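What follows is a short report on a single structure.
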Amino acid sequence: MRFTPRRELGRTGFVATAVGAGDLADRALGLEVCASTLRRALDAGVNVVDTAPAYEDGFSEEIVGRALSRRREGVFVIDKIDHPDRPVRPQVEASVARLGFAPDAFVFHGVSRMEEWAPLVAPGGGFDRLGEERARGQVRFVGVSSHHPDVVRAAIVSGKVDLVGFPVGAHVDRRYLALLPLARERAVGTVSFKTFGAGMLIADTEGYGRPVRAPAPAARGAPLSVEECVRVTLTHDPDVALLGLSTPAEQDVAFAAVRDFQPLAPAALDDVRRRAGEAIRGKGKIWWNPVPE
């Protein structure tokens with residue numbers, strides 16, 4: 001086993017591994033192949049799994065359900081409410097049906113404008129509705145994932161959430177990074193994503209589901225290595241860093257980077273960030289950064 005639990009995930013009391021498994025749904029590979037890939041990460045000790053209905057139209061949840069059908073204990077499962085503006089209960093019930101069990105946490109997915117956040121915390125809003133699902137035993141912890149630092153900050157200080165998910169990596173708005181100590185101070189668990197910048201930092205692609213092109217145009221900088229991307233995220237030290245871990249080969253490269261991790265000194269961190277800006281230039285919208293750095 002390569003990973004052992006290292007830190008409590010906020011106030012949940014669950015001691016999580018430094019990395020978790022993110023979306024690895026690929027219908028072309030089939031349910032059992034994808035489930036086996038996830039089991040491989042679990043066999044390595046990874047104990048946090050993230051999913052959502054939006055990932056391949058529920059296929060990701062089906063994969064998680066299959067992979068955990070005989071090993072649910074000791075794994076923290078985070079699922080999403082994809083449509084914060086719609087009734088909560090039908091979304092919860094559909095996700096639980098696809099999983100075959102209640103997840104540990106439901107988080108409102110991609111809440112990236114303050115106009116979307118405000119109704120969730122209003123009386124009778126989304127968090128009150130999710131509280132009803134908690135009372136019914138459909139979930140134990142609640143939270144939000146976001147691509148805007150203002151929303152993340154509001155969530156942390158609201159007292160409404162147990163978890164927040166947001167970008168932490170070599171090319172993110174630095175306001176996100178300042179929120180990590182605030183979350184720890186408020187006992188809110190931090191689950192990070194965008195370590196590889198939707199793949200843009202390590203390959204010539206415009207993001208998820210987009211083709212990989214080669215070679216990269218000369219106007220763009222050389223891609224970062226997987227190790228460099230992982231080192232940046234782990235240097236900033238979120239409670240859990242979600243990595244794709246979509247194939248055995250990807251897992252092995254990421255696992256090696258985590259195994260060999262050494263924190264980056266400030267000068268080295270700045271250098272990687274500079275090269276990340278060059279590597280990502282011209283590859284499309286950086287939707288997780290609301291304001292250019």
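The values are calculated or read from the model by the stated rules, or taken from the named source; none is laboratory data. Quantities reported herein were computed from a predicted structural model and do not represent experimental measurements. Using ideal geometry, Cβ is built from the backbone for each residue, glycine included, and neighbour counts are taken over all protein chains shown.
The figures follow:
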{"read-out": "Selection from the range 8-35 of residues that are under 18 Å from the mean Cα position of the chain (by Cα), surrounded by fewer than 16 Cβ atoms within 10 Å (Cβ to Cβ) and of a type in the set (A, V, I, L, M)", "value": "Val15"}
{"read-out": "Tally of residues being among the acidic types (Asp, Glu) and in contact (Cβ under 8 Å) with a residue 60 or more places away in the chain across the range 252-269", "value": "0"}
{"read-out": "All positions within the range 252-274 that are in a helix (DSSP H, G or I) and in contact with a Lys or Arg (Cβ under 6 Å, 6 or more places away or on another chain)", "value": "Phe255"}
{"read-out": "Candidate set from the range 43-87 (those that are in contact (Cβ under 8 Å) with a residue 60 or more places away in the chain and farther than 24 Å from Asp128 by Cα); member that is surrounded by the fewest Cβ atoms within 10 Å (Cβ to Cβ)", "value": "Ala44"}
{"read-out": "Members of the range 60-83 that are in a loop (DSSP other than H, G, I, E, B) and under 26 Å from Gly13 (Cβ atoms)", "value": "Leu68, Ser69, Arg70, Arg71, Arg72, Glu73, Gly74, Val75"}
{"read-out": "Residue list for the range 134-184, restricted to those being part of a loop (DSSP other than H, G, I, E, B) and over 21 Å from Ala198 (Cβ atoms)", "value": "Arg136, Gly137, Gln138, Val139, Arg140, Gly159, Lys160, Val161, Asp162, Ala178"}
{"read-out": "Verdict on Phe101 being free of Cβ contacts under 8 Å to residues at least 40 places away in the same chain and buried (at least 19 other Cβ atoms within 10 Å of the Cβ)", "value": "no"}
{"read-out": "Those residues of the range 58-70 which are of a type outside the set (Gly, Ala, Ser) and modelled with pLDDT of 95 or more, in sequence order", "value": "Phe59, Glu61, Glu62, Ile63, Val64, Arg66, Leu68"}
{"read-out": "Check on Pro149, touching a Pro at 6+ places or on another chain (Cβ under 8 Å), in contact (Cβ under 8 Å) with a residue 12 or more places away in the chain and either under 21 Å from Ala16 (Cα atoms) or not basic (Lys, Arg) (or both)", "value": "yes"}
{"read-out": "Unique match (being over 12 Å from Asp79 (Cβ atoms) and part of a loop (DSSP other than H, G, I, E, B)) among Pro103, Pro119, Pro123", "value": "Pro123"}
{"read-out": "Those residues of the range 1-37 which are over 26 Å from Ala155 (Cβ atoms), among the β-branched types (Val, Ile, Thr) and assigned to a loop (DSSP other than H, G, I, E, B), in sequence order", "value": "Thr4"}
{"read-out": "Search result, residues across the range 127-136 that are farther than 20 Å from Thr190 by Cα, touching a residue at least 24 places away in the same chain (Cβ under 8 Å) and within 24 Å of the chain's Cα centre (by Cα)", "value": "Arg129, Glu133"}
{"read-out": "Filter pass, Arg40 being farther than 24 Å from Gly169 by Cα, in contact (Cβ under 8 Å) with a residue 60 or more places away in the chain and either of a type in the set (Lys, Arg) or assigned to a helix (DSSP H, G or I) (or both)", "value": "yes"}
